[in-house]
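The values are calculated or read from the model by the stated rules, or taken from the named source; none is laboratory data. Predicted, not measured: the structure shown is a model, and the values here were computed from it. No Cβ is skipped: glycine too gets one built from the backbone with ideal geometry, and neighbour counts run over all protein chains shown. Protein only, heavy atoms only, side chains kept; ligands, DNA and RNA dropped before computing areas. Shrake-Rupley method; radii C 1.70, N 1.55, O 1.52, S 1.80 Å.
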Amino acid sequence: MEEEDRIEERSSVRPRGRTFSGGGVSESRWVDGSEVDSQSPPLSLFDDNEAKEEYGSLRRRLVKKPKRVDSFDVEAMEIAGAHGHQPKNTSTWHTLALAFQTLGVVYGDMGTSPLYVFSDVFSKVKIESEVDILGALSLVMYTIALLPLVKYVFVVLKANDNGEGGTFALYSLICRYAKVNMLPNHQPADEQISSFRLKLPTPELERALSIKETLERRSSLKTLLLLLVLMGTSMVIGDGILTPAISVMSAVSGLQGAVKGFDTTAVVVFSIVILVALFSIQQFGTSKVGFSFAPALALWFFSLGSIGIYNLVKYDITVIKAVNPAYIYFFFKKNSKDAWSALGGCILCITGAEAMFADLGHFSVPAIQIAFTFVVFPCLLLAYMGQASYLMKYPESSDRIFYDSVPESLFWPVFVIATLAAMIASQAMISATFSCVKQAMALGCFPRMKIIHTSRKLMGQIYIPVINWFLMIMCVVVVSIFRSTTDIANAYGIAEVGVMLVTTTLVTLVMLLIWQTSLFMALCFPLVFGSIELIYFSAVLSKVLEGGWLPLVFASFFLSVMYIWNYGSVLKYQSEVREKISMDFMLELGSTLGTVRTPGIGLLYNELVHGIPLIFGQFLLSLPAIHSTIVFVCIKYVPIPVVPQEERFLFRRVCPKDYHMFRCIARYGYKDIRKEDHHAFEQLLVQSLENFLRKEAQELALESGLHEMDLDSVSVSSRDYRTRDVPGNEELKVPLMLGTRSEEAETSNSEAASAALPSSIMSSEIDPSLEYELSALREAIESGFTYFLAHGDVRAKKNSFFLKKLVINYLYAFLRRNCRAGAANMSVPHMNILQLVIIEIVRGKDGNKTFVMVSSLFSHI
């Protein structure tokens, strides 16, 4: 990978700036984005400390050769400075409403754990004395207190990525600080997005930079980090299959003891019916599902707390001394190996804890914290203490401890609520699965699929039809084949503890790299929580041969899919970078591009952020004419949740002015949903292009005017200028004045500089070349838009290893053929598709004047 990265960097600086004259004024413009090193920091030119020494006069500034600035970067700085984005403050009632919804979406799985935890624990350890009961109770209490409460509620939830949670959110947060993303399409302009900016910790700056350089330098660490994230995400998705199957079957199996003739076959059939109904209602959205399920779960938690208090008062209130952790020591001392085996049942009390973090995008941090701290945590503790109190008097009831501890008069009402709560428990992992898949898709680690936004107010509430029906089918298959939850429950905690270990590792890296955390505190986090999780992990791994292989199989399958997609996408992008068209070839063709230029705007979609894609040459050879205005559109996802609308587009010229060719980078966050139709997209793109042309004309006017001034007569701040290369003199830099100033001191400097400018520059008349270009753009808009889509297939070289040929030529190719098509994924209009040998043409209605042309190209990697 390091060699391929170097190839990409060398190809990005090959073309140089050229001088083109127009309007009688010498122009010096970059002809393409590929000539600027994408790794150079743009903010180095605007350092206040260097400004006093290097920018005392224009002459000294022109002699000094600063680092080159990409016009993408400067435009991004201006946009980000003009549009500050602050998170909206939510009202208290809105937060409480969200907290209520979390009961039905996030805490269903954890809330139903009292149904089976003590039953499983005491199947491994026989109750012989109060040490067994108090030790097991103390284990459960401290497991809930340390992992869900302390770790997730007070630490992990704070490591969210602007409101998004999960392993991929942590990965994107790390990608913002260190360039560890395997796809080499990072640009300095991305760092100027208002929601992208991050502040490195001052006390630990040297430590953070050392870790950052190590991660960026070693490709093996990048791959290891990616595999770690993919493994955690795969286990969450696997939980989305296992949790509904186990929860529903556990609920329905309760009818076997209450209804005569209700055998195993009836349990399987009834479970399948409920599963189909459960997945069918997902299309109505998390908000509606949450409000529907939340009242039932609220009643369930109230029942747990009330029954727990009743049992404590009636049987043995002295069990509260289990808060003393010494009973855990006595428990292990007495039972030794059996106690270690019982940890596999104890971990079931926190199944679904990862959903608190993974479902964060559906709700908010305060809502999840309030619901767990004031409702879930106390009710669970009361429920377990009540069961332990009952066992102190009736130790023989450990097999059916939950229902035996319920007062006889409340048995049937509690049974109905418990059955309903167990069915709802699967909702938490279904919602978490949707969130993880969407984040993986946006970061290039999952095949493209259709995403439906189910809420107008909360962007995180989504529904993915393909994933939903896949989970339903797999749940039905699991229930039909196993016909019992015994084998699955034996190692149900493997996936849960595995995700926790991944989260612990990533949060530790966030602490060391990003947070202002001392080294001691950063190391205490993995030492404390990682040690606890490793102990539990060793206990649940002992049950792999007894059925625990199932979650591992699901996790391995999704891990393979995600890594193959990411690996193939990276190789495809690197191949396109190597094969892009050189700028010398474009200049030789001339402004006509060797063909006829007809009115209209051609939007060529591609993934390159620099250079001209090879597929454009295919269009030039195959089409009898090309449009008067060409825009290379790159739909790019950046590692942040949301990109503000006004910061969406970045423009620059690709060739000289008379070519009328531009590059547009449309940036989206992994939480953004592209809901706009093609008409709205076209309107936003045209508005941004017009603004770019006007700003460019102003810069050129200032640039040419400053050449006529006495260079020693004006002194300005470094923040008011930026530089461009002047061809033929590598040491000469031409300053360009930024258009906006916010401080009064800067305004006075601007007035002083403006007074010295020639009157021709200060004239309010529109530049003739700008007026001509705007009129040509409007004429092209009236003629309509044409969408060019490139289907670039990749093939492994003949001398490649067999494994690479298998992965690229068959597995990755299969995923690309069956993922969401480019036209649908790009929100491109399509009515009728005419497929030719080389070009597929989509003809729109004459009234819309919109056309889509698709070309296929093969690359060998």
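Is region 618-674 best put as rounded, prolate or oblate by its Cα gyration tensor, with a ≥ b ≥ c the root eigenvalues, rounded for a/c under 1.5, and otherwise prolate when a/b is larger than b/c, oblate when not? Could the numbers behind the result be given before it?
Numbers: a/c = 3.67, a/b = 2.14, b/c = 1.72.
The shape class here is prolate.
Report the extension gain between Glu206 and Ser531 in nm, rounded to one decimal, defined as 0.36 nm multiplied by the number of residues separating them, less their alpha carbon distance. Don't skip to the answer; put the middle values down first.
On the way: separation 325, 0.36 × 325 = 117.00 nm, distance 2.80 nm.
Residue separation times 0.36 nm, minus the Cα-Cα distance, leaves 114.2 nm.
By how many nm would the segment from Val416 to Phe557 lengthen if fully extended, with 0.36 nm per residue of separation less the alpha-carbon distance? Provide the component values of the computation, followed by the final result.
Values: separation 141, 0.36 × 141 = 50.76 nm, distance 3.66 nm.
Extending this stretch completely gives an extra 47.1 nm.
Grab the beta carbon distance between Arg400 and Leu806, set R0 = 45 Å, and tell me the FRET efficiency rounded to 0.05.
Working: r = 52 Å, r/R0 = 1.16.
So, using R0 = 45 Å, E works out to roughly 0.30.
Quick one: if the Förster radius is 25 Å, what FRET efficiency do Asp658 and Leu684 give, using the C-beta to C-beta distance and rounding to 0.05? All intermediate terms of the calculation are to be shown ahead of the outcome.
On the way: r = 26 Å, r/R0 = 1.04.
Efficiency for this residue pair is about 0.45.
At 7 Å along the Cα-to-beta-carbon direction for both Ala145 and Lys798, put a label point, then send me their distance in nm to one decimal.
Inter-label distance under the simple model: 7.0 nm.
Which pairs break 20 Å Cα to Cα here: Lys179/Lys222; Lys158/Lys636; Lys222/Lys580; Lys124/Lys151; Lys636/Lys671?
In this structure, Lys158/Lys636; Lys222/Lys580; Lys124/Lys151 lie more than 20 Å apart at Cα.
Just how large is the dipole of region 413-530 about the Cα centre, in debye to the nearest 20, putting +1 at every Lys and Arg Cβ and -1 at every Asp and Glu Cβ? Kindly include the intermediate steps, with their values, before the conclusion.
Details: 6 positive and 2 negative charges, 103 e Å.
Charge dipole, region 413-530, about its Cα centre: 500 debye, nearest 20.
Just the number, please: carbon plus sulfur as a percent of the accessible area of region 600-706, 1.4 Å probe, no ligands or DNA/RNA counted.
54 percent
Report the calculated FRET efficiency for Ala776 and Glu128 (r = Cβ-Cβ distance, R0 = 60 Å), to the nearest 0.05. Numbers along the way, then the final one.
Numbers: r = 91 Å, r/R0 = 1.51.
The computed FRET efficiency comes out at 0.10.
When a/c reaches 1.5 or more, the comparison of a/b and b/c decides; with that in mind, is region 358-438 rounded, prolate or oblate per its Cα gyration tensor? If you can, show how the numbers build up before the last one.
Working: a/c = 2.77, a/b = 2.01, b/c = 1.38.
The shape class here is prolate.
Amide H of Val794 versus every other amide H placed in the peptide plane: which residues, excluding those fewer than 5 positions away on the same chain, fall under 5 Å?
Long-range HN contacts for Val794: Ser859.
What is the spin-label model distance, in nm, from Ser783 to Gln283 if the labels are put 7 Å beyond Cα along the C-beta direction?
Between Ser783 and Gln283, the label points sit 4.3 nm apart.
Quote the charge dipole size of region 539-613 about the Cα centre in Debye, to the nearest 20; the model charges only the Cβ of Lys and Arg (+1) and of Asp and Glu (-1). Kindly include the intermediate steps, with their values, before the conclusion.
Values: 5 positive and 6 negative charges, 28 e Å.
The dipole of region 539-613 has a size of about 140 debye.
Can you bin region 415-529 into rounded, prolate or oblate? Criterion: square roots of the alpha carbon gyration tensor eigenvalues sorted a ≥ b ≥ c, rounded for a/c under 1.5, prolate for a/b above b/c, oblate for the rest. Working shown, then result.
Details: a/c = 2.09, a/b = 1.37, b/c = 1.53.
Judged from the Cα gyration tensor, region 415-529 comes out oblate (a/c at least 1.5, b/c at or above a/b).
Treat every Asp and Glu Cβ in region 151-273 as -1 and every Lys and Arg Cβ as +1, leave all other atoms uncharged, and give the resulting dipole magnitude about the Cα centre to the nearest 20 debye. Could you put the intermediate results ahead of the total?
Details: 12 positive and 10 negative charges, 49 e Å.
Taking the Cα centre of region 151-273 as origin, the dipole is about 240 debye.
On full extension of the chain, what length is gained from Asn162 through Arg820, given 0.36 nm per residue of separation minus the C-alpha to C-alpha distance? Could you put the intermediate results ahead of the total?
Details: separation 658, 0.36 × 658 = 236.88 nm, distance 2.78 nm.
Extra length available between Asn162 and Arg820 comes to 234.1 nm.
Residue farthest toward the positive end of the dipole of region 612-686, with Cβ of Lys/Arg at +1 and Asp/Glu at -1: which of Ser622, Val686, Leu650?
Of the candidates, Leu650 comes out farthest on the positive side.
Of Asn311, His362, Ala294, which is farthest on the positive side of the dipole of region 269-381, counting Cα position, with +1 on Lys and Arg Cβ, -1 on Asp and Glu Cβ, and the Cα centre as origin?
Toward the positive end, the furthest listed residue is Asn311.
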